[in-house]
Amino acid sequence: MLLLLVKYTLLYTVMLMVVALGGMFSERSGIINIALEGIMVIGGLAGVLAAKFLPFPPALVVLGSILVGGLAGLVYALLLGFASINLKADQTIGGTALNIMATAIAMVVSKRVNDGGAAKLDFNNNPFLFNIGGVSAEAAAESGGAAVQGLELSLFIPVGILLLLLSYFILYKTRLGLRLRSCGEHPQAADSVGINVYKMRYVGVMASGFLGGIGGMAYIIPANSIWNFEQGVTGMGFLALAVMIFGQWKPFRIALAAIFFSLFRAMGDIYDSLPGLKDLNWPKEIYRMMPFIASMVVLALTSKKSRAPKAEGIPYDKGMR
Amino acid sequence: MIRNKLRTSGNTILAALLCVLIGLVIGFTVLTVLSYISKSKDYQSHAQVYADGQYSKGDINKVKKYLEGLDQAEDKAQAEHEKDSLHAMLDHKYTAEQLLETSKALLAEKPKGKAYSAEQFRAAVASVIGEEEADGAMAAFSAAIKDVLLKPYEFGFGDVLAYAYELGFRRVLMGGWYMPADGGPQLEIAKAAPLIMTGLSVAFAFKTGLFNIGAAGQYTVGSFGALLFALVLNWPWYLCVLAAIIFGAVWGAIPGIFKAYCNVNEVITSIMFNWIGLYAVNTIMYGGGTGPMYDLNSSKTWTVITKSKQSQIPDLGGFFVQPASIAIFIAVLVAIALWVILNKTTFGYELKACGLSKTAAKYAGINEKRNIILSMTIAGALAGLGGALYYLSGSPQWNPQDSTALPAMGFDGISVALLASSSPIGSIFSALFISHISIGGTFMEPKAFPMEVANIISGVIIYLCAFMMLFKNRIAKLFTHKEKGGAK
């Protein structure tokens, strides 16, 4: 049973962490990215379609669909970048519009794929899964209990760890990272030393789109082999924003925050197989509520001394220097 | 002074109309693409069927009709030519009619509506012309009649546009009036009333510098309040409405308190409490399947009509019959009252001052913490009232087993407020518009056009509104430029 808890916690951790890292890049460059939820939906949709229709061998399908999902998120995030960087629109409103559009687009596309049927897409998620310490569930069943069933994990876990290390490296060890952070703290000063603020903010938004897209896939693909796009990504993008704030806009703290939230979220999936919780006989909605309540408590305690990038949410206008 | 004021509101309206126009153009483009996909899929699937030699009785009849039509055609030379080419393809030994008669005789024995297999057809052909030549005859026959059968499925760009317009876009534009006999207009009005309220909720918060993305949650909790007092306690409708207002207000006050005292952004808090509210409401309403509000037969909550007649908001008769009621008038009155509060009272002035500059308001001696909480409370009350106006109208039912999506009414409220650029009076009209196109969306041909196209349109409109309103004076200039030049 503990294995199950580990499995689900890892599943949600990677998803929340990758998306929150995306949010971090965007906010560190000065753009509030409320659209993470929508970016996840679009990335997940593109990734699922790629996994469903790419005519490649399994290994290439995995690689290809992760790329497609990430790129779809990136392109969608460009819409946010265009509105909030070039046109200086209200970033929260622009992001909200993208969230509303994303679910609508996902439903129209998936209904179209199903010839006007339900907004559900089925796909094969086997290439995305691997087992450690044993064989797969099917193989274990076939062997009649001789082989031990291992812990089934998704390929997004190594991908996520790689992205975490990469994010840390880019943000703190490269010139690009330094420039990006400066645009989020004091864009006027950054501009005065010759940094192109618009370009840096675009880099931040595009990075968040790419990571958000992959995060959307990491939520949709490993859990099940069918997904109903009517539900979008059930508020996970917003939860990732809370993870980012709890992680104080820093990569490794975000990873820890993601583990914390995922434990709560995972409980909602497996409470009926945990001996103590099952006896309580609570409806599953209570467990679904938990990560949200936990995040509210955490936010209330941490927001007073928040280390948010100082210039986030403020459109940069060259004439205002 | 008044003239200036009129001009700025004129500019705002122009900018809003431009957003709507572009939104509709993009919507039509999406419909055109969908129409093309659906037309070409239709063509290809039929081409595949005919290529496999699976003709149905109707298909055979179509070919026969076509040949008969050629016999009676006015242009004899042309008809003969076409007939000849058809026959030529079928070789000289057997005519198209011969094959058609054979296949018809065969089909007469088949159950109705079923296509018959290529093998059966081949056997029939072989019985007429002999085994050796059957394959050749089959191929020739297929090639000859494929064109005739496929012709109706061929399409040009004009057909694509016409399909997108007739079965899609026109129905969106007509909204509820596409089906006036089935109560379409009434449904549209019934849905516009709560939409005005959620729109007002968002708009009011905007005016005071807050973004109330939590209208969906406040609407949810307000609906719960209304249904609780209606279905369980059977109270009269005005008390149920009051309950919904209080429930919504409480749910709105929470993000306000978090914002005022803990410095948590109201957007994040509202979103979290949207989900917390939805899960809580669903849990209580469902009550493990035995809750007093839950109807096992429909697996939704009871309707107010069946369970508690006195809790139903009365209708007016005439045009305003079920599902429309006096709810729309309540919503309009609230909008007017809100306009008065915001523009004609000190209280409204203070709230707006907080929205324009928090520090300046604080300097002027306005209690900004109190105002943030008050604004969010009022915004929550408005959204809660919206829930009551919808669920007390009689037949709507809440589905407590659907915990995956928040009510769309809350998010549509954001579109309403933005399109109205946060004006309470403007919200009335923008709510009517959003309700119009989303009802229209449900009338579209569902196989080709999913109704969510209407949501794409409103999403595009919000996206445009996010920056269009910044340019409204420039946009207005584009339109009035000519006029001014003439006057000079």
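For the reader, a short list of remarks on this structure follows.
- Within the range A:293-310, restricting attention to residues that are open to solvent by less than 10 Å² (accessible area, probe 1.4 Å) and among the aliphatic types (A, V, I, L, M), the residue that is nearest to A:I31 (Cα to Cα) is A:L299.
- Screening A:R265, A:R307 for residues that are within 14 Å of chain B (Cβ to nearest Cβ) and assigned to a helix (DSSP H, G or I) leaves exactly one candidate, A:R265.
- Some residue of the range B:287-307 being at the interface with chain A (Cβ under 9 Å from one of its Cβ atoms) and open to solvent by less than 10 Å² (accessible area, probe 1.4 Å): no
- Among the residues of the range B:370-394, the one identified as touching a Pro at 6+ places or on another chain (Cβ under 6 Å) and open to solvent by 30 Å² or more (accessible area, probe 1.4 Å) is B:Y390.
- Some residue of the range A:127-134 being open to solvent by 10 Å² or more (accessible area, probe 1.4 Å) and within 12 Å of chain B (Cβ to nearest Cβ): no
- Scan the range B:328-369 for residues that are open to solvent by 80 Å² or more (accessible area, probe 1.4 Å) and outside any helix (DSSP H, G or I) and the total you get is 1.
Yes or no, residue by residue, for (1) open to solvent by less than 40 Å² (accessible area, probe 1.4 Å); (2) more than 8 Å from chain A (Cβ to nearest Cβ):
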{"position": "B:W235", "(1), (2)": "no, yes"}
{"position": "B:A244", "(1), (2)": "yes, yes"}
{"position": "B:G248", "(1), (2)": "yes, yes"}
{"position": "B:G252", "(1), (2)": "yes, yes"}
{"position": "B:Y261", "(1), (2)": "no, yes"}
{"position": "B:E266", "(1), (2)": "yes, yes"}
{"position": "B:S270", "(1), (2)": "yes, yes"}
{"position": "B:A280", "(1), (2)": "yes, no"}
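- Here B:A181 clears all of (1) farther than 23 Å from B:I373 by Cβ; (2) within 14 Å of chain A (Cβ to nearest Cβ) except the condition numbered (2).
- Residue in the range A:215-243 that is most open to solvent (accessible area, probe 1.4 Å), counting only those that are assigned to a loop (DSSP other than H, G, I, E, B) and within 17 Å of A:A266 (Cβ to Cβ): A:N224
- On the stretch given as the range B:411-451, residues that are facing chain A (nearest Cβ under 9 Å) and open to solvent by less than 10 Å² (accessible area, probe 1.4 Å) total 5.
The values are calculated or read from the model by the stated rules, or taken from the named source; none is laboratory data. It should be emphasised that the depicted structure is a prediction, and the values quoted were computed from it without experimental measurement. Don't worry about glycine lacking a Cβ; one is built from the backbone with ideal geometry, like all the others, and counts go over all protein chains shown. The protein model used for the area step is the full one, side chains on, heavy atoms only, and it has no ligands, DNA or RNA in it. Shrake-Rupley method; radii C 1.70, N 1.55, O 1.52, S 1.80 Å.
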